[in-house]
Amino acid sequence: MPVAPVAPPPKKNQISEPDVMGALKKDKGATKMTAQEIVQQDVEKNNAGDWKQIYAGLMEASKGDKFRIMRANNSLFCYVITGQGTGAVHVITADNPKTLVDSIKQFKDAMVKAGFKQLTATLTNPQIIKFAEAAGVKVKQQMSQQVQNGMAGPAIDVVMEV
């Protein structure tokens, strides 16, 4: 009995396989940025000067015993301990609004655990107040001025109860 010819092995598929992990990372939303990238994006977006100098200043300040930096998502919360349970905070962020609310919640929870009762800040973006309130932070505000790049402009002094 004759044997049927054997078919040649199938050729390799020339279609490249999709980058599944890359697609998953994109689906998760924003990728995690380095602290330098966060500072660079925030400073350039707000025309706040040379981001490299600001980053170097933050790293130098963090060597002190009263200055701290806490990261949540793509936000850096830079704060100075001003007294028992009090501090002054500045936010450097590359987060979108929804993620920023989550970042503020994380920061608030950390401050509560650390025994903070009140934080102050000077803001130029009033939307940050809305984000803080959405994160469960009680905010009192008062209009003021801030000097940035040698020019005075409107600002908002806020006191946040945590």
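Derivation of every value follows stated rules applied to the coordinates shown; laboratory data play no part. In this text, all values refer to a predicted model and were calculated from it rather than measured experimentally. Methodologically, a virtual Cβ is constructed for each residue, glycine included, from the backbone with ideal geometry; neighbour enumeration extends over all protein chains shown.
Some observations on this one:
- Overall form of region 86-133 per C-alpha gyration tensor (a/c, 1.5; a/b vs b/c): oblate
- Using the average count of surrounding beta-carbon atoms within 10 Å as a protection proxy, the listed peptides 48-57, 149-158 rank, highest first, as 48-57, 149-158.
- Descending principal axes extents, region 31-161, alpha-carbon based, whole Å: 33, 31, 30
- Computed over neighbours whose Cβ is under 15 Å from that of residue 81, the net charge equals +4, Lys and Arg +1, Asp and Glu -1.
- Loop-located trypsin sites (Lys or Arg not before Pro) across region 57-162 with a Cβ neighbour count of 14 or fewer within 10 Å are 63, 66, 117, with loop assigned by DSSP.
- Placing pseudo-labels 7 Å out from each Cα toward the beta carbon at residue 151 and residue 45 gives an inter-label distance of 2.0 nm.
- For residue 33 and residue 117, a Förster radius of 22 Å and the Cβ-Cβ distance give a FRET efficiency of 0.10, rounded to the nearest 0.05.
- For residue 162, nonlocal amide neighbours, meaning residues 5 or more places apart or on other chains whose placed amide H falls under 5 Å from its own, are 118, 119.
- Note, ³J(HN,Hα) from phi for region 34-45, Karplus 6.51, -1.76, 1.60, rounded to Hz, x at Gly and Pro: 6, 4, 4, 5, 4, 4, 4, 5, 5, 5, 5, 5
- Calculated from backbone phi, Karplus (6.51, -1.76, 1.60) coupling profile of region 69-76 in Hz, x at Gly/Pro: 10, 10, 9, 9, 6, 10, 10, 10
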